[in-house]
Amino acid sequence: MMPEATPAPEECARHRRALELAIAWARDWHPGLNPYSLENALLRLVEEDVPQDQYLELWEELRQGLRSNPHLQTPEMRALLTDEELAARGYWWFDPVNL
């Protein structure tokens, strides 16, 4: 079995930017902002296929941001950010119950 190739520097930078953007939205989102901006930042993590076994400190920061932002705990935001199909595919951030 061949070892996985190390991602190219530009791919790593793209992954980090996607994570940092999602972290910022999760941490700072409030009702005056468009909720779909946060959803789009989270969907970008799926589209970019950001590996969950890398950037562990950033993934933990995202989890903390989603968990600690009181504005994301409302029923409306929890409904917006819940996607059972994506959660079942391993994208835990679309399962607010298990953050």
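The values are calculated or read from the model by the stated rules, or taken from the named source; none is laboratory data. As the structure is a computational prediction, the values presented were derived from the model and not from experiment. Positions of Cβ are backbone-derived with ideal geometry, glycine not excepted, and every protein chain shown enters the neighbour counts. Accessible surface is based on the protein model in full, side chains and every heavy atom, while ligands, DNA and RNA are left aside. Shrake-Rupley method; radii C 1.70, N 1.55, O 1.52, S 1.80 Å.
What does the highest-first list of 31-40, 18-27, 61-70 look like by mean Cβ count within 10 Å?
With the highest mean Cβ count within 10 Å placed first, the list reads 18-27, 61-70, 31-40.
Ordering Glu48, Glu85 from largest to smallest accessible area (1.4 angstrom probe), what's the sequence?
Glu85, Glu48
Restricting everything to alpha-carbon atoms, can you work out Rg to Rh for the range 7-60 with a Kirkwood hydrodynamic radius?
Here Rg/Rh amounts to 1.00.
Ignoring ligands, DNA and RNA, what accessible area per residue does the range 12-94 give at 1.4 Å, in Å²?
56
Treating the chain as a set of equal point scatterers at the Cα positions, no solvent, please give the Debye-formula log₁₀ I(q)/I(0) at q = 0.17 Å⁻¹.
With no solvent term, the Cα-only Debye profile gives -0.73.
Hey, got the dipole for the chain? About the Cα centre, +1 on K and R Cβ, -1 on D and E Cβ, debye to the nearest 20?
Charge dipole, the chain, about its Cα centre: 300 debye, nearest 20.
Positive end of the dipole of the range 32-99, charges at C-beta (+1 Lys, Arg; -1 Asp, Glu), about the Cα centre: which of Pro96, Leu72, Gln52 has its Cα farthest in that direction?
Leu72
Only helices at least 20 Å long along their own axis, judged from Cα atoms, and with Kyte-Doolittle mean hydropathy of -1.0 or greater: name those in the chain from DSSP H.
9-28
For Cys12 and Glu47 in one chain, what is 0.36 nm times their gap in residues minus the Cα-Cα distance, to one decimal in nm?
Stretched fully, the Cys12-Glu47 segment lengthens by 11.2 nm.
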